[in-house]
Amino acid sequence: DFCFAVAANTGDYLTVSIQSSITFLRAATQGCLYAKTTPLKIGKSVCFYRIDITDENGNMIAEVNITGSRRAVTK
């Protein structure tokens, strides 16, 4: 969720999560975890992101799919 927030709230939009799902593929047994956020579609008011969570060896630990609601920041 934090990776989504960082990726989606750059620029002139504020974005909040309105739906998310997590698929756990295997247990993380040791070491660091890494998250790669990929925007699948960024529309005017809705966005879709996928976050891949991997371990130090590149093994997939989990996949997160998030739908966000976007609003332009007024200055």
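The values are calculated or read from the model by the stated rules, or taken from the named source; none is laboratory data. It should be emphasised that the depicted structure is a prediction, and the values quoted were computed from it without experimental measurement. Reconstructed Cβ throughout: ideal geometry from the backbone, glycine too, with neighbour counts over all protein chains shown. Please note that ligands, DNA and RNA were not included when accessible areas were found on the heavy atoms of the full protein model with its side chains. Shrake-Rupley method; radii C 1.70, N 1.55, O 1.52, S 1.80 Å.
Starting from the stretch 52-64, take each residue that is open to solvent by 60 Å² or more (accessible area, probe 1.4 Å) and list its partners that are at pLDDT below 95 and in a loop (DSSP other than H, G, I, E, B), counting only C-beta distances under 6 angstrom and pairs at least six apart or across chains.
56/31
How many residues does the stretch 11-52 contain that are among the hydrophobic types (A, V, I, L, M, F, W, C) and over 23 Å from residue 69 (Cβ atoms)?
Residues flagged as among the hydrophobic types (A, V, I, L, M, F, W, C) and over 23 Å from residue 69 (Cβ atoms) within the stretch 11-52 amount to 6.
Filter the stretch 2-39 down to the residues that are surrounded by fewer than 12 Cβ atoms within 10 Å (Cβ to Cβ) and touching a residue at least 60 places away in the same chain (Cβ under 8 Å) and list them by number.
12
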